[in-house]
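The structure under discussion appears below in the form of structure tokens.
The values are calculated or read from the model by the stated rules, or taken from the named source; none is laboratory data. Because the structure is predicted, anything quoted here is derived from the model rather than measured. All Cβ positions, glycine included, derive from the backbone under ideal geometry; neighbour counts span all protein chains shown. Accessible surface areas use protein heavy atoms only, side chains included; no ligands, DNA or RNA. Shrake-Rupley method; radii C 1.70, N 1.55, O 1.52, S 1.80 Å.
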Amino acid sequence: MSDLPKGWDIVPLKEIAISIKGKKPKILSGVKTNGSVPYIDIKAFEKGEIRQYADINSSNIAGKEDVLVVWDGARSGLVGIGQEGAIGSTILAIKPFCISPQYLYQFLQTKYEYINTNHRGTGIPHVDSEVFWNIEFPIAPLNEQRRIVAKLERLLHKVDACKERLEKISAILKRFRQSILASACSGRLTTDWRKKNPGVESVDNLLRRIYEKRTKEYAEECTKEKLQDKRKPPTPSNLQPKIYIPDKNYDIPNSWFWTSLEDISSCRRHAMSSGPFGSALGTKDYKESGIPVIRGQNIQNGKFVLNAFVYVSPNKAKELERSIAYSGDIVVVAVGSSGQAAMVPDELPKSILSQNCNKITLDGLMVLPNFIIYHLQNEIAKSQIRDKTTDTARPFLSLTSLKQTLLPIPPLPEQYEIVRRVNALFKKADEIEARYKKAKAFVDKLTQSILAKAFRGELVPQDPNDEPASVLIEKIKGEKAKQESKKKAKKKQ
């Protein structure tokens, strides 16, 4: 701060103010009475909501012009102004001498990170008094302080308004994506496509063809097992895909039909399976390399996150054959964020499910994986999953419940068109979101940039007629001396 304008000066913060540390009053009440004042604890300080009132005679009182600082806790260094009442034990009230309180408040806003990261205490952090009171405070002439505060109020109000408008974009994009999914999963998105493509395969013909294919595959598997002198494999429960009628009345196109996740999965063994049970897989089995383990944290908002993997050895993976997932499979989180789903990418040709995941290997003649991912993010599927999720300490979605989830399924060619259109619309939304995030990052930095400029003396022009800060410092010293004399006199009484 050596390059401050002419007429400015620098002193340690301790030279320009006195302070009062808060304490918990002896008497607290939920209603205001004669002789009580609002009680400003940490919640009231942060949210501005007064919930209790304190006896004025057993409290340390802060005035509207006092600058309040959170002294203890994770938010230590946070500042506020304009609250009047009894301050709690985690708050300090600063009373400046001959300095604009708003000017001091705005300056301390620039020091939050510094104060908060240079605390003391190993358990609950506390503001370090030495650090805090030795902060170099730039004193502008008093009239310039007032001009700075007025300019800051105008600029920061505009910044806050800009932040509010930007926050609306995030909510709009979320609603937009959900609207796209709702339209895609109900058939509204491809109404025009169906008019142009009336000759799609009938549902009856499709299901007959699927049944014939699955019957053939099952027969081939039985023959293979017999040649190896193995037991005949169990008959797949979804050999004949079924049509269902949902409990709720949904309006879908005539060419669509309702069926379950189990019925659209492959008829191969373990096409729908869960992660290992109990102690079959745990931290004892994890290796630094090998076959990756898919965990809930890899599934986020319909996308697969390719990081933070743990691994198991190939031999361990062989033991867990029923819990193997392949690229193109859909993994659904079963514990915690139940129902979150994503497709296993090509980068993972083979992986193992953790205990908190289920997987689906789909029948490619019936459905596209991306179309089912969109369905699982839509309210039709999400509401069923919520209803089927057990409400325990950690929400749990069983494989059985997942199998019973019903979805409206269009002909395969229409699924391709739906996926193409949704991808195009989502791409537009992603582009807007990227611009929003860039703008938000800029605006988030703007407040500190404006404040920094203010306390370098660059926000408002200087006036040579202003009384210099050196004169103001002398007045501060005089006021401070008076306060110290009063304290001494009070102690003698």
Measure off 7 Å from each Cα along the Cα-to-Cβ vector at Val31 and Arg386, then give the distance between these two points in nanometres to one decimal.
3.9 nm
Longest site-free stretch - the chain; sites: trypsin sites (Lys or Arg not before Pro), DSSP loop, at most 10 other Cβ within 10 Å:
249-493
When only Cα pairs under 8 Å and 6 or more residues apart are kept, what is the percent relative contact order across the chain?
17 percent
Just how far, in whole angstrom, is the range 439-462 from the range 96-156 if you go by their alpha carbon centroids?
15 Å
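To the nearest 0.05, what FRET efficiency results for Glu65 and Arg165 with a Förster distance of 41 Å applied to their C-beta separation?
The value I calculate is 0.80.
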If each of Lys428 and Arg394 carries a label point 7 Å out from its Cα toward its Cβ, how far apart are those two points in nm?
4.1 nm
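Please tell me which of these pairs span more than 24 angstrom C-alpha to C-alpha: Lys196/Lys248; Lys195/Lys248; Lys24/Lys47?
Checking Cα-Cα distances, Lys196/Lys248; Lys195/Lys248 exceed 24 Å.
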Using a 1.4 Å probe on the protein heavy atoms, what percent of the accessible area of the chain belongs to carbon and sulfur?
51 percent
Cross-link pairs Lys242/Lys427; Lys284/Lys359; Lys6/Lys486; Lys151/Lys438; Lys14/Lys487; Lys350/Lys428 - those with Cα-Cα distance over 28 Å:
Lys242/Lys427; Lys6/Lys486; Lys350/Lys428
Read phi for every residue in the range 84-99 and hand back ³J(HN,Hα) as whole Hz from Karplus 6.51 cos²θ - 1.76 cosθ + 1.60, θ = phi - 60°, with x for Gly and Pro.
10, x, 7, 9, x, 5, 8, 10, 10, 9, 10, 10, x, 9, 6, 10
Whole-Hz Karplus ³J(HN,Hα) for the range 290-299, in order, using 6.51 cos²θ - 1.76 cosθ + 1.60 and θ = phi - 60°, x for Gly and Pro?
x, 8, x, 9, 8, 10, x, 5, 7, 10
The ³J(HN,Hα) series, computed from each phi in the range 21-32 with the Karplus coefficients 6.51, -1.76 and 1.60 at θ = phi - 60°, rounded to the nearest Hz and given as x for glycine or proline, is 8, x, 8, 6, x, 5, 10, 10, 9, x, 10, 7
Between Asn116 and Glu220, what is the spin-label point distance in nm, taking each point 7 Å from the Cα along the Cα→C-beta axis?
6.1 nm
Per the rule of 0.36 nm per residue minus the C-alpha distance, extending Lys14 to Ile124 adds in nm 37.2 nm
If amide H atoms are modeled at 1.01 Å from N in the peptide plane, then the residues at a separation of 5 or more from Ala342, or on another chain, having amide H under 5 Å from its own are Val331
FRET efficiency, 1/(1 + (r/R0)^6) with R0 60 Å, evaluated for Lys437 and Lys6 via beta carbons
0.90
